[in-house]
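Asks: One structure, pasted below without further comment.
The values are calculated or read from the model by the stated rules, or taken from the named source; none is laboratory data. Since the model is a prediction, treat every value here as computed from it, not as a measurement. Here the Cβ positions follow ideal geometry from the backbone for every residue, glycine too, while neighbour counts run over all protein chains shown.
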Amino acid sequence: MAEEPPGSTQNPYVTAAKKLLMRMEKNEPLECCGVFDGITARIALEEAWEGFYVGGITACASRMAQADADSGAQTEFLDAVDNITELAWKVGTMIIADPETGMGDAIAVERMTKRFIKAGVAALVISDRAPAKGKDPAGHDMVMPDKDFLARVSAAHKARDSQDDILIIARSSGHGALGIDGSIKRLKDAEALGADIIWLTGVANKISPNDFALRVKNSKFAVAKSTSTPNSHHRLGRAALEQVALILWPDASIGTIVNWLGRDLLELYVNQKQSRGTRFETGNLYRLFGFYHWDKTKPEAERAAEEQLERTPVPSPRAAASPEAHARGAWASGPPGFGESEAGPSGSSRRGNGGHGDRSRGGRGKHVHWRDIP
């Protein structure tokens with residue numbers, strides 16, 4: 001399918017995948033924080049994150065209270081992605097969906113990829129991790145055979161009409177079983193079958209992003225970071241800056257919960273008090289979700305106008321779809337200027353610096369006003 005410029009009369013909708021592709025062409029890495037439900041997504045939107053990473057383990061565990069059960073958790077994961085994309089599309093936040101081992105065989109991958117296209121997902125991760133998520137005798141992650149992994153990548157590529165529908169990330173966890181060279185070969189083979197971005201996980205202590213960039217030549221790739229990641233992995237050299245497409249913080253939300261919630265609940269149970277840093281103000285929750293009490297000092301007409309504004313439905317991408325966009329699945333990713341700077345009802349900009357947010361060290365970026373989020 002011929003590529004059309006954003007905002008053209010033939011295709012008035014700019015998909016999330018197209019927005020990500022444009023950033024890749026400009027060598028502008030997209031930073032994504034891990035979220036897994038509505039409340040973590042809302043908080044991340046307020047903090048001006050431009051990308052969300054939704055992982056299968058956290059999204060399914062938050063609903064099932066247990067680890068994702070491979071293909072049996074597809075429904076839970078799809079529901080989580082639908083909820084998060086419905087929140088994020090309006091302000092241009094792009095979603096990276098990683099079902100991990102929950103995709104099923106190649107036929108299931110093709111079907112699920114079409115579902116993710118309709119949901120407005122920017123990029124989908126196809127992993128080579130074995131469904132059982134076990135370890136081999138040497139303690140390395142078990143990975144599936146080449147033919148099975150490459151068949152999944154090929155099926156995902158087959159499910160789309162073009163890169164504008166969704167980008168494909170080929171992810172390998174096989175550096176232990178296959179070695180770094182073997183994993184790179186597998187990822188390059190996946191790239192030849194249609195993968196747009198490659199990602200080698202679990203190698204933070206073995207190879208820096210800059211060295212990896214030199215090994216994979218001109219391939220676009222993703223890197224994952226955490227507080228335990230070596231400093232060398234946080235620094236992107238010249239080669240890496242030209243090739244890194246995604247900077248992922250998968251554990252951003254779940255790490256805070258796992259590390260602090262248990263301690264705080266124990267403190268509350270034993271000493272009947274919460275830690276100072278986790279004291280909760282109900283008003284913050286009301287503000288986050290827009291549950292404000294009326295200000296009785298305001299004139300009746302002004303309060304009535306605000307109430308009408310709140311009741312006016314904001315059409316989702318599904319409802320706003322044109323027939324042409326619907327036919328391609330592009331209808332799910334937002335209107336013209338998807339994610340660009342726009343003044344909200346409060347008069348403040350949703351995004352500064354042309355839609356990229358103020359990510360300077362001195363500030364946390366432009367906050368998204370709650371009324372701007374459907």
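Asks: Can you name every one of the strands (runs of 3 or more DSSP E) wholly within region 168-259 that holds 1 or more residues which are within 30 Å of D37 (Cβ to Cβ) and small (G, A, S)?
Replies: 221-224, 244-249
Asks: Can you name the number of the only condition in (1) of a type in the set (S, T, Y); (2) touching a Pro at 6+ places or on another chain (Cβ under 9 Å); (3) more than 15 Å from T201 (Cβ to Cβ) that S154 fails?
Replies: The one condition S154 does not meet is (2).
Asks: Considering each of A41, A80, A108 in turn, give the residue that is more than 22 Å from L187 (Cα to Cα), without any contact (Cβ under 8 Å) to a residue 60 or more places away in the chain, hydrophobic (A, V, I, L, M, F, W, C) and touching a Ser or Thr at 6+ places or on another chain (Cβ under 8 Å).
Replies: After applying the criteria, what remains is A80.
Residue-by-condition table, conditions (1) of a type in the set (S, T, Y); (2) surrounded by fewer than 22 Cβ atoms within 10 Å (Cβ to Cβ); (3) in contact with a Lys or Arg (Cβ under 8 Å, 6 or more places away or on another chain):
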{"residue": "D79", "(1), (2), (3)": "no, yes, yes"}
{"residue": "K90", "(1), (2), (3)": "no, no, no"}
{"residue": "A97", "(1), (2), (3)": "no, no, no"}
{"residue": "G102", "(1), (2), (3)": "no, no, no"}
{"residue": "R111", "(1), (2), (3)": "no, yes, no"}
{"residue": "R115", "(1), (2), (3)": "no, yes, no"}
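Asks: Could you check L21 against (1) over 30 Å from M144 (Cα atoms); (2) modelled with pLDDT of 90 or more; (3) under 18 Å from the mean Cα position of the chain (by Cα) and say which number it fails?
Replies: Only one criterion is unmet by L21, namely (1).
Asks: Please state which one of Y269, Y292 is hydroxyl-bearing (S, T, Y) and modelled with pLDDT of 85 or more.
Replies: It is Y269.
Asks: Could you tell me how many of the residues in region 122-160 are modelled with pLDDT of 95 or more and assigned to a loop (DSSP other than H, G, I, E, B)?
Replies: So the answer is 3.
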